[in-house]
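Worksheet: one structure, shown below.
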Amino acid sequence: MKALPDFDMVLFGGTGDLAMRKLLPALYQQVKAGTVSPGSRILAAARKPLSREAFLELAEATCKPFLGAAYDADTWRAFAERVSYFPMDVQNPGSYAPLGEALGQHSDRVRVFYYSTSPDFFATISANLGGAGLISARSRVVVEKPLGHDLDSSREINDAVGEHFAERQIFRIDHYLGKEPVQNLLALRFGNVLFEPLWRREWVQDVQITVAEQLGVEGRGDFYEGTGALRDMLQNHLLQLLCIVAMEPPISSDPDAVRDEKLKVLRSLKPFTPADVVTKTVRGQYKTGAVGSKPVVAYAEEPGVASGSRTETFVAVKAEIDTWRWAGVPFFLRTGKRMAEKLAEIVINFRQVPHPIFGEATHGGRANRLIIRMQPDESMRLYLVAKQPGDAMALHPVNLNLDFAESFRDRRLEAYERLLMDAIRGKLTLFVRRDEQEAAWHWVEPILDSWAANEDRPKTYTAGSWGPAASSALLSRDGLAWNEED
Ligand code: NAD
């Protein structure tokens, strides 16, 4: 791997869950890989009044399980040498002085501010950094989701951050874009001639994008109450995945060339009328059930959840893209908590052969299908029918593994690791531009509005299932079925 330029990374929220589970481990991995120069620095900032030593002790104990076999004491020492800790209240402009002093020692190097705090602070942190004169020409800011809860609030945050950082300095992270199979989908589509001619309405029957979690709200019912599955997952992650599948070939891999094409997809999504919301969306809420044979309580009984809550823990949507390439091809998106499996995948169902000369039965099943899986494992498989060895002409579905794991034995990068490196290198391709984010909000808002205006409650589903029955009906009306039901 190529060395990174010298950098200072300021991690606001340095003691938080995201920093400990993903960000610090990602930076450790890069130290281990030898890409981080000895002079580069990680400046963690958070509210806890800890000494540097106490922070490092906490970080080592917390990160170790997430590093697994990658942890070794020598690398940790080398990593820790680059880390300092700044106890501060990000809302208090006076508490930025020590940080400013440290940053001032290397005013010309790449400076990445990572906002791993509640988005309520994003405007304040930006103003305080600006006020303290800490935003240099080589500064970048990485912002975490959720950026607002609707179009207006996302604009407000973007305006506030945009007062201090230019758009080319703002890295809106969507970690699904950093996942290896998503990158590989781009390679498959735009690095080969084989797929592109088939990648259109004539040959694609439907597309299914699923991000299913087994976890519930994990004690954060109060946060989730104001969010729900549509805002938390569909508006950002699932729509970004849809863009990667549906976008036209960009003219280059230049960040804006790619993001222009994604934006076009978002702008071609057919708008929802209130009647469409009834027939083309399903919202669900889990009730008591069992996940992996462990009994779990209903969402309504989780701490912090309001009685009679209408917050959706599941959403399924039939999206349509009004372009020559995709007219009439349904894109089914679904995401939920307390589902049967932890699963994130994109399924492209190609049409069946027009005239089955080997008999109907041999052509059904799992053939003519491309599955890009991001969780629980990362893979990309193309399902075809092939002849079973023997004297009879018996066909059988087989799959080609397009991940070539055997050919490439390099360590796979975690999504956050790749994206952090991209932010340090200033590569914006895998980050979401403001207009994309606003187009996504624009498309989902009529769904939110209709749900709010409608007296209906979300359909219930048993925890540990694939969601409400209405989710299956959404596809069966088109004579289709979700991948696991097919
Ligand atoms: P967290 O609650 O675990 O951590 C919050 C951090 O912010 C802590 O370090 C805390 O000290 C710091 N903080 C809070 N108030 C502060 C103040 N006034 N001054 C200085 N520091 C202060 O949150 P988290 O789960 O790590 O999430 C951080 C951000 O990342 C949020 O925007 C969240 O929505 C987003 N996010 C988190 C995850 C995840 O897996 N945890 C995933 C995606 C997005």
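The values are calculated or read from the model by the stated rules, or taken from the named source; none is laboratory data. Since we're looking at a predicted model, the values are computed, not measured. Note that each Cβ is placed from the backbone with ideal geometry, even for glycine, and that neighbours are counted across all protein chains shown. Ligands, DNA and RNA are excluded from the accessible area calculation, which covers all protein heavy atoms including side chains. Shrake-Rupley method; radii C 1.70, N 1.55, O 1.52, S 1.80 Å.
Worth a mention:
- Residue in region 34-43 that is open to solvent by 50 Å² or more (accessible area, probe 1.4 Å), more than 16 Å from the ligand (Cβ to nearest atom), touching a Ser or Thr at 6+ places or on another chain (Cβ under 6 Å) and assigned by TED's automatic domain parsing to the domain that holds Phe122 present: no
- Filtering Ala463, Ala453, Ala423 for residues that are of a type outside the set (Lys, Arg), under 25 Å from the mean Cα position of the chain (by Cα) and either within 30 Å of Leu151 (Cα to Cα) or open to solvent by 30 Å² or more (accessible area, probe 1.4 Å) (or both) leaves a single hit, Ala423.
- Residues that are touching an Asp or Glu at 6+ places or on another chain (Cβ under 6 Å) and small (Gly, Ala, Ser) do not occur anywhere in region 43-66.
- Qualifying residue in region 169-182 (condition: modelled with pLDDT of 95 or more, in contact with a Pro (Cβ under 9 Å, 6 or more places away or on another chain) and either of a type outside the set (S, T, N, Q) or more than 25 Å from Thr323 (Cβ to Cβ) (or both)): no
- Subset of region 375-394 [part of a strand (DSSP E or B) and under 30 Å from Gly178 (Cβ atoms)]: Gln375, Ser379, Met380, Arg381, Leu382, Tyr383, Leu384
- Within region 293-321, considering residues that are touching a helix residue (DSSP H, G or I) at 6+ places or on another chain (Cβ under 8 Å) and hydrophobic (A, V, I, L, M, F, W, C), the one surrounded by the most Cβ atoms within 10 Å (Cβ to Cβ): Phe314
- Filter result for Leu56 (within 16 Å of the ligand (Cβ to nearest atom), closer than 16 Å to Ile424 by Cβ and either at pLDDT 95 or above or not in a helix (DSSP H, G or I) (or both)): no
- Members of region 36-53 found to be under 25 Å from Asp108 (Cα atoms) and either among the small types (Gly, Ala, Ser) or at pLDDT below 95 (or both), listed by number: Ser37, Pro38, Gly39, Ser40, Ala44, Ala45, Ala46
- Tally, over region 1-26, of residues that are within 22 Å of the chain's Cα centre (by Cα) and basic (Lys, Arg): 2
- Cβ-Cβ contacts under 9 Å between residues 6 or more apart (or on different chains), taken from a first residue in region 13-32 that is assigned by TED's automatic domain parsing to the domain that holds Phe122 to a second residue that is among the basic types (Lys, Arg) and in a helix (DSSP H, G or I), are listed as Ala26/Arg418.
- On inspection, Gly228 passes the criterion of being on the phi > 0 side of the Ramachandran plot and assigned by TED's automatic domain parsing to the domain that holds Arg334.
Every residue, every condition in (1) closer than 17 Å to Gln437 by Cα; (2) polar (S, T, N, Q); (3) surrounded by 13 or more Cβ atoms within 10 Å (Cβ to Cβ); (4) without any contact (Cβ under 8 Å) to a residue 40 or more places away in the chain, yes or no:
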position: Phe190; (1), (2), (3), (4): no, no, yes, no
position: Ala212; (1), (2), (3), (4): no, no, yes, no
position: Leu234; (1), (2), (3), (4): yes, no, yes, no
position: Asp260; (1), (2), (3), (4): yes, no, yes, yes
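- Filter pass, Thr15 being open to solvent by 30 Å² or more (accessible area, probe 1.4 Å), among the hydroxyl-bearing types (Ser, Thr, Tyr), assigned to a helix (DSSP H, G or I) and within 16 Å of the ligand (Cβ to nearest atom): no
- Considered as a group, the residues in region 116-150 that are buried (at least 19 other Cβ atoms within 10 Å of the Cβ) and among the hydroxyl-bearing types (Ser, Thr, Tyr) include one that is nearest to Lys427 (Cα to Cα), and that residue is Ser139.
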